[in-house]
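I have placed the structure first, in the form of structure tokens, so that the comments after it can refer back to it.
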Amino acid sequence: LKELGKHAQMIYQDPYSSIDPIMKVYDVLSLPLKYRKEKEIESKITDAMNLVGLPLQLLENRVYQLSGGQRQRLSIARAVVVNPDYIVADEPTTMLDASLKGEILKIIKDAREKKGITFMLITHELPIAKIISDRITVLYLGKIVEIGRANDVIEKPLHPYTQGLIDVYPKIDPSQKDKLKEIKIKPDIIRPDKGCVFHPRCPFALEKCREQEPSLKEVEQGHYVACWLY
């Protein structure tokens, strides 16, 4: 795990439970760097604090003294301070109010662009995925049902589950305000013994869907779907 930590880090959903509230901010950031030279530690901590927009004066504060937004910034700083190859961000904005979500997403984008870190963002909010992601993978009951470039998946969804996820979001276009789409996905969640995992809820299910699990198929360049409709 120590070796893995050099290459991969995690940003957790809840900034209140993922960091020891009694620790000082400096200790949170220096712990992953404890075998580095002191000058290098100071440099990396300063760089991480600047990246996430936390003033250096907070280094001597204890975590419980920080706001929710500051704690999530600290969580990101802790992840980037070792300069990993990639970071898994698990619903990093779910616990924050709308005013802070944009700030946190900007920090993640800055970390990706300035540090060259690959991010895997786990989210239920497709608009956020579209804003921050190059590619989107849609999963249902642990199975990949669609993969593609972010714009392709959001603008031209192929899988009925992806289509249902997108249909729940109201359209900003005033001419469409009274034209909300009917959500056709059936409410009961059943994991079938065979066939496509989504077929019990799918409005377009075929007999083949009940018997055989589809594999991912490239429908357009770089756009894959696991569905017998294609």
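See the values below:
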quantity: Selection of chymotrypsin sites (Phe, Trp or Tyr not before Pro), segment 1-93, meeting DSSP coil and at most 10 other Cβ within 10 Å; calculated: Tyr35
quantity: Whole-Hz couplings from phi, Karplus 6.51/-1.76/1.60, listed for segment 42-52; x for Gly and Pro; calculated: 4, 5, 5, 5, 4, 4, 5, 5, 5, 4, 8
quantity: Calculated [θ] (222 nm, deg cm²/dmol) that DSSP helices of n ≥ 4 give over the chain, each run adding -39,500 (n - 2.57); calculated: -10500 deg cm²/dmol
quantity: Farthest positive-ward along the chain dipole, Cα basis, beta-carbon charges - from Leu4, Leu229, Gln70; calculated: Leu4
quantity: For the chain, share of DSSP beta bridges that run antiparallel, in % to the nearest 5; calculated: 55
quantity: Around Thr46: net Lys/Arg minus Asp/Glu count, Cβ-Cβ under 13 Å; calculated: -2
quantity: Whole-Hz couplings from phi, Karplus 6.51/-1.76/1.60, listed for segment 157-162; x for Gly and Pro; calculated: x, 9, 7, x, 5, 4
quantity: Nonlocal amide H pairs with Gly195, under 5 Å, H built at 1.01 Å; calculated: Gln212, Glu213
quantity: Amide H contacts under 5 Å for Val82, placed H, 5+ residues apart; calculated: none
quantity: Likely footprinting exposure, Arg201, Arg135, fewest C-beta neighbours within 10 Å first; calculated: Arg135, Arg201
quantity: Among Lys114, Lys37, Lys106: highest mean-square fluctuation, GNM of the chain, C-alpha pairs under 10 Å; calculated: Lys37
quantity: Proxy reagent accessibility, fewest Cβ within 10 Å first, across Leu4, Leu56, Leu66; calculated: Leu4, Leu56, Leu66
quantity: Where Rh is the Kirkwood radius over Cα pairs, Rg/Rh for the chain; calculated: 1.06
quantity: Residue-by-residue Karplus 3J(HN,Hα) for segment 115-129, coefficients 6.51, -1.76, 1.60, Hz, glycine and proline x; calculated: 9, x, 8, 7, 10, 10, 9, 9, 7, 9, 9, 4, x, 5, 4
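Read the figures in this text as sums done on the coordinates, not as results from a lab. It should be emphasised that the depicted structure is a prediction, and the values quoted were computed from it without experimental measurement. Here Cβ is always computed from backbone atoms with ideal geometry, including for glycine, and neighbour counts include all displayed protein chains.
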